[in-house]
Amino acid sequence: MPEHVSDAQLQEILKEDPGMIMVDLWADWCMPCKAIEPYLESASREFGIRLLKLNVDENPMTPATYGVMSIPTVLCFRDGKLVGKIVGAKPKMKIYQEIKSIFKLDEKGG
C-alpha cells in the first residue's frame, strides 16, 4: 500500500531510508494519475520498492524542488538521491520497463 506523505515527511524519509523509493506526484483532479496508480502499486510490490504518494496541490515544495512541470510524475530515489523520473501516463509494461531501467533491476527484481 502506498503511503501518503507531505513535503516535510518526504524529506525526512529520504534522509532516513537508503532503499528504493518511488514518489507518485498526483492530484485529485488528475485522471491520468488515477489510471497509473494500480501499475505503480503492482510494481512496488513486485520489485520491493517503497511507494509514496504526494498531493501536489497540498504540497507544492517537492514539485518545485525537482522541476516537475506536469503530473503524473513519479520521482525515483535510491539512497536518498533522485535517480530518475517517469513523466506522464503510460501502459503498464512501459512503466515497468522504465522502473527497471531507472533502478537497474534485473528480471528477478533486484
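Readers should treat all values here as calculations from the given coordinates under stated rules, not as data from a laboratory. Note that this is a predicted model, so its numbers are computed, not measured. Positions of Cβ are generated from backbone atoms using ideal geometry, with glycine treated the same way; all protein chains shown enter the neighbour counts.
Key figures
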item: Shape of segment 37-80, Cα gyration tensor, a/c cut at 1.5; result: prolate
item: Computed over the chain: relative contact order in percent, which uses C-alpha pairs under 8 Å that are six or more apart; result: 34
item: Formal net charge of residues neighbouring R50 (Cβ-Cβ distance under 10 Å; K, R +1; D, E -1); result: -2
item: Inter-label distance, nm, simple model (7 Å from Cα along the C-beta direction), E37/Y66; result: 1.8
item: At 0.890 mPa s and 25 °C, Stokes diffusion of the chain via Kirkwood alpha-carbon radius, µm² per second; result: 179
item: Radius 10 Å from Cβ of D28, net charge of other residues (Lys, Arg +1; Asp, Glu -1); result: -1
item: Unpartnered cysteines - no second Cys beta carbon under 4.7 Å - across the chain; result: C76
item: DSSP beta bridge pairing in the chain, given as percent antiparallel to the nearest 5; result: 60
item: Set of aspartates and glutamates near K92 by C-alpha distance (under 18 Å), chain-local residues within fewer than 8 positions excluded; result: D24, E37, E41, E46, D106, E107
item: Net charge, L75 excluded, C-beta distance under 10 Å - Lys, Arg +1, Asp, Glu -1; result: 0
